[in-house]
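To start, the structure itself, in C-alpha cells.
The values are calculated or read from the model by the stated rules, or taken from the named source; none is laboratory data. Fair warning: this is a prediction, and the values are worked out from it, not measured in the lab. With ideal geometry, Cβ positions are generated from the backbone for all residues, glycine too; neighbour counts draw on all protein chains shown.
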C-alpha cells in the first residue's frame with residue numbers, strides 16, 4: 001500500500017499542536033491518541049500519525065529516498081511492519097520553513113518539560129511536578145512540616161551492652177553498688193574520665209612551612225578531617241544515677257552487641273563489599289556486629305571509612321597508622337587507636353580473636369572511650385567549632401551579626417559536604433551557600449532511592465553511594481531554594497563582598513572552587529577568610545595561588561613541607 005499526504009500550513013500547525021499537547025501527557029495507549037485526534041479533527045494527518053504511533057514501538061524507520069529541488073522537498077519513508085505502509089510527504093519551501101520553526105519550538109518545550117520541575121500550561125491553577133513516569137498534580141497548599149517515617153525492621157534497633165545496670169527492676173542506679181569497671185564506664189558517660197578529657201581538650205599541632213620558591217613565604221597549615229554527621233551515631237539512653245545523694249541524668253552511650261571478631265569488609269578486596277546503593281543500613285550493621293574492622297589509608301590517610309566504622313559502634317583496626325605523620329589525622333585519638341593494636345589475643349593477620357587471652361573488659365572500656373571521643377570531638381559541628389576557635393571567630397555575638405558566605409560546588413566532595421553540614425547546623429539561616437549541592441537537601445517523593453533514579457534526578461552520581469552524607473540537610477531545604485536563587489546573581493554577591501556584608505567567608509574546597517577569591521583578598525582581612533583543602537595526599541601546585549591570604553586548613557599534611565606543593 002502506498003499513500004501520499006500533502007501537508008498544508010494549517011495541517012502543519014495542527015500536527016505541532018497535537019505533539020505539543022501529547023508531550024504534556026505520557027502517551028501510553030492508543031485511546032489517548034484517538035481522543036486527541038478527535039479533539040483537533042485533523043483529518044488529513046490521521047493516516048500518517050496512526051501509522052507512526054502504531055509502528056515506532058515495533059518497527060524500524062528509515063528513509064528510502066530523499067529528493068530535493070528548489071521549490072519542494074519530497075521524502076519517502078517506509079515503515080517496516082505487518083501492513084507494509086509507505087508514505088510520501090511533499091512540502092513546499094514555505095511549508096518547510098514553517099515546519100522547521102515549529103519543530104524548533106517543540107524541541108525547546110520538550111527539553112523544558114524533561115527538567116525535574118515543570119509548570120502545566122493546561123491548567124494554571126495546578127502545579128505539576130514530574131520526577132518519574134507518573135506526573136503528580138498538587139493544589140497550592142500551606143507549607144508542610146516534617147516528622148520521622150515509621151521504622152521498618154530489622155533496622156530499627158540494636159542490642160547495647162548494659163555498662164552499669166545492676167538490677168533490671170531498679171529505676172535509679174546507685175553509684176555505690178557498681179563494680180570497678182561499671183564505675184569507669186559511668187565516669188566516661190559523665191565526662192569525668194581523665195584520659196578522655198585530656199584528649200578532648202588537646203590542641204592539634206599545626207604545621208609551619210617555609211616555601212623558598214615562593215618568596216620564602218611562611219604558612220601555617222591547620223589539620224582538619226572529614227568527621228561524621230551526628231545522626232549516624234547510635235542514640236544515647238538517659239539514665240538516672242544516684243551520686244552523693246543527688247540524682248543526675250546520664251546519657252549512656254550504646255556499645256553494640258558483637259558476634260564476630262573482625263568485620264567481613266576488607267578494604268582493597270572488592271569481593272567483600274556486597275552492598276549496593278540502597279544498602280547503607282545493612283552495610284553499617286555488618287560493621288556494628290564485629291569487635292574490629294580493618295581500615296587503612298586510601299587516597300589519603302583521612303577516609304570516610306574510619307567514621308563509618310566508629311559510628312557503627314566498632315573499633316577501627318588502623319593499618320600502618322604510625323606512618324601517617326604528626327599533623328595528618330591529628331584530630332583522631334591516635335593514642336587510643338595504638339592501644340587497640342596492643343590488645344592481647346587479637347590477630348590481625350588471621351582476623352581472629354583468642355578469647356582465652358582477650359580481655360573483654362579492657363576492650364569495652366576502649367570502645368566506650370573511642371565512641372565518647374567521637375561524639376564530642378569528631379562530629380561535623382564539633383570540627384566546625386574547632387575551625388571557629390582556631391581563627392578566633394566571635395561565635396557568641398548576637399545572631400543578627402552573623403552572616404557567613406560558604407563557597408561550595410555542586411559535585412560530591414566529602415570535605416566540602418561535611419563542613420557545609422557543620423556550618424549549617426551552627427549558623428542555620430545566617431549561612432549563605434554559593435552553589436548549594438542539591439543532593440544534600442532534596443530528593444523526589446516519586447522516585448525510588450536507587451542508583452539509576454538518583455543519577456537521573458541529580459544528573460551525576462554520588463561518590464561512595466552517598467553513604468554518610470546524602471540528604472543530610474533535608475531539614476534546610478528552604479535554605480537551598482534561597483541560596484540557589486542567590487547563586488544566580490553573582491553580581492549581588494560581589495557587591496556584598498565589597499560592602500563587607502559577610503562576617504566570615506569560607507571556601508569549602510579551595511582548589512575545586514575559588515570563585516570570588518581575588519575579590520575577597522582585596523576586601524577582607526586574612527582572619528576572616530577560611531580555606532579548606534580536602535584533597536588526597538600529594539603535591540598540588542595550585543595551592544601556591546592561595547597561600548598568601550586566609551587561614552589554611554589542610555586534610556593531608558605531610559611531615560616534609562616539600563610534598564605539599
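Does residue 180 count as surrounded by fewer than 11 Cβ atoms within 10 Å (Cβ to Cβ), over 14 Å from residue 236 (Cα atoms) and modelled with pLDDT of 90 or more? Yes. Taking the conditions (1) within 21 Å of residue 470 (Cα to Cα); (2) at pLDDT below 95 in turn, residue 304 satisfies each one other than (2). A single entry from 453, 494 fulfils the requirement of being over 23 Å from residue 308 (Cβ atoms), part of a helix (DSSP H, G or I) and at pLDDT below 95: 453. Taking the residues in the stretch 375-402 that are out of contact with any strand residue (DSSP E or B) (no Cβ under 9 Å at 6 or more places or on another chain) and assigned to a loop (DSSP other than H, G, I, E, B) as candidates, determine which candidate is modelled with the highest pLDDT. This residue is 392.
Against the conditions (1) in contact with a helix residue (DSSP H, G or I) (Cβ under 7 Å, 6 or more places away or on another chain); (2) without any contact (Cβ under 8 Å) to a residue 60 or more places away in the chain, residue 398 satisfies every one except (1).
The single condition among (1) in a helix (DSSP H, G or I); (2) crowded, with 18+ Cβ neighbours inside 10 Å; (3) in contact with a helix residue (DSSP H, G or I) (Cβ under 7 Å, 6 or more places away or on another chain) that residue 543 does not satisfy is (3).
Rundown of residues vs (1) touching a strand residue (DSSP E or B) at 6+ places or on another chain (Cβ under 8 Å); (2) surrounded by 15 or more Cβ atoms within 10 Å (Cβ to Cβ); (3) in contact (Cβ under 8 Å) with a residue 60 or more places away in the chain; (4) under 25 Å from residue 274 (Cα atoms), yes/no style:
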site	(1), (2), (3), (4)
404	yes, yes, yes, no
410	no, yes, no, no
413	no, yes, yes, yes
422	yes, yes, yes, no
431	yes, yes, no, no
438	no, yes, no, no
452	no, no, no, yes
469	no, yes, yes, yes
486	yes, yes, no, no
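For the stretch 527-540, the set of residues classified as out of contact with any strand residue (DSSP E or B) (no Cβ under 7 Å at 6 or more places or on another chain) and either crowded, with 18+ Cβ neighbours inside 10 Å or at negative phi (or both) consists of 534, 535, 536, 537, 539, 540, listed by residue number. The set of residues from the stretch 303-319 being within 19 Å of residue 352 (Cα to Cα) and not in a strand (DSSP E or B) comprises 309, 313, 314, 319. Would you mind stating whether residue 338 is buried (at least 19 other Cβ atoms within 10 Å of the Cβ) and either modelled with pLDDT of 95 or more or in a loop (DSSP other than H, G, I, E, B) (or both)? Against the criterion (buried (at least 19 other Cβ atoms within 10 Å of the Cβ) and either modelled with pLDDT of 95 or more or in a loop (DSSP other than H, G, I, E, B) (or both)), residue 338 does not qualify.
Determine, yes or no, whether residue 262 is surrounded by 14 or more Cβ atoms within 10 Å (Cβ to Cβ) and at pLDDT 95 or above. Answer is yes for this residue. Given the conditions (1) assigned to a loop (DSSP other than H, G, I, E, B); (2) assigned by TED's automatic domain parsing to the domain that holds residue 467; (3) in contact (Cβ under 8 Å) with a residue 12 or more places away in the chain, and given that residue 357 satisfies all but one, which numbered condition is not satisfied? Status for residue 357: all satisfied but (2).
The set of residues in the stretch 499-515 that are within 23 Å of residue 224 (Cα to Cα) and either in contact with a strand residue (DSSP E or B) (Cβ under 8 Å, 6 or more places away or on another chain) or free of Cβ contacts under 8 Å to residues at least 60 places away in the same chain (or both) comprises 503, 504, 505, 506, 507, 508, 509, 510, 511, 513, 514, 515.
Looking only at residues in the stretch 410-436 that are assigned to a loop (DSSP other than H, G, I, E, B) and over 17 Å from residue 226 (Cα atoms), which one is modelled with the lowest pLDDT? Reasoning before the result, please.
Taking the stretch 410-436 and keeping what is assigned to a loop (DSSP other than H, G, I, E, B), we get 410-413, 435-436.
With the extra rule that they be over 17 Å from residue 226 (Cα atoms), the set shrinks to 410, 435-436.
Details: 410: 95, 435: 98, 436: 98.
Here the answer is 410.
Yes or no, residue by residue, for (1) outside any helix (DSSP H, G or I); (2) in contact (Cβ under 8 Å) with a residue 12 or more places away in the chain; (3) surrounded by 21 or more Cβ atoms within 10 Å (Cβ to Cβ):
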| position | (1), (2), (3) |
| --- | --- |
| 267 | yes, yes, no |
| 271 | no, no, no |
| 274 | yes, no, no |
| 278 | yes, yes, no |
| 283 | no, yes, no |
| 287 | no, yes, yes |
| 293 | yes, yes, yes |
| 298 | yes, yes, no |
| 301 | yes, yes, yes |
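Counting only residues that are part of a helix (DSSP H, G or I) and surrounded by 12 or more Cβ atoms within 10 Å (Cβ to Cβ), the stretch 499-525 holds 5 of them. Based on what the data block shows, is residue 372 within 30 Å of residue 251 (Cβ to Cβ), assigned to a helix (DSSP H, G or I) and in contact (Cβ under 8 Å) with a residue 12 or more places away in the chain? For residue 372, the condition - within 30 Å of residue 251 (Cβ to Cβ), assigned to a helix (DSSP H, G or I) and in contact (Cβ under 8 Å) with a residue 12 or more places away in the chain - is met. Residues in the stretch 225-247 that are loosely packed, with under 14 Cβ neighbours inside 10 Å and in contact with a helix residue (DSSP H, G or I) (Cβ under 9 Å, 6 or more places away or on another chain): 1 in all.
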